[in-house]
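Before any comments, here is the structure.
The values are calculated or read from the model by the stated rules, or taken from the named source; none is laboratory data. Worth saying up front: this structure is predicted, and the values here are computed from it rather than measured. So basically every Cβ, Gly included, is an ideal-geometry build from the backbone, and we count neighbours across all protein chains shown.
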Amino acid sequence: MAGSDNHIPLSNIPILTEKNWDRWSTQMKVLFRFQDVSDVVETGQVIDFGSAEMQKAVLAKKDSKALFLIHQCIDDSHFEKIHNANTTKEA
């Protein structure tokens, strides 16, 4: 891959169904690392040496990005279970 382009065509994202948890989970771990949000998904924390406000902003952006990815990568029945979640951890 050239450069820092981290856009993924939506036609290539994995979708969680009732029968593919293991494969989906593995693919999502890689996707989260690729999108640089795995720290938010796995621990809920971002390690950053900036100011407290900067850390909070970085964390909020990464959490929103991870939650967006989850929303895009689940089927309708799973979405119904998490649609009210405001954070990745809640989802």
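For the range 8-20, the set of residues classified as in contact with a Phe, Trp or Tyr (Cβ under 9 Å, 6 or more places away or on another chain) and modelled with pLDDT under 85 consists of Ile8 only.
Screening Asp75, Asp63 for residues that are in contact with a Ser or Thr (Cβ under 6 Å, 6 or more places away or on another chain) and in contact (Cβ under 8 Å) with a residue 60 or more places away in the chain leaves exactly one candidate, Asp75.
Restricted to the range 51-84, and to residues that are among the charged types (D, E, K, R) and farther than 12 Å from Ile15 by Cβ, which residue is surrounded by the fewest Cβ atoms within 10 Å (Cβ to Cβ)?
Taking the candidates together, the pick is Glu53.
Let's see how each residue does on (1) outside any loop (DSSP other than H, G, I, E, B); (2) at pLDDT 90 or above; (3) in contact with an Asp or Glu (Cβ under 6 Å, 6 or more places away or on another chain):
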position: Ala2; (1), (2), (3): no, no, no
position: Asn6; (1), (2), (3): no, no, no
position: Asp22; (1), (2), (3): yes, yes, no
position: Phe32; (1), (2), (3): yes, no, no
position: Asp36; (1), (2), (3): no, no, no
position: Val46; (1), (2), (3): no, no, yes
position: Gly50; (1), (2), (3): no, no, no
position: Ala60; (1), (2), (3): yes, no, no
position: Phe79; (1), (2), (3): yes, yes, no
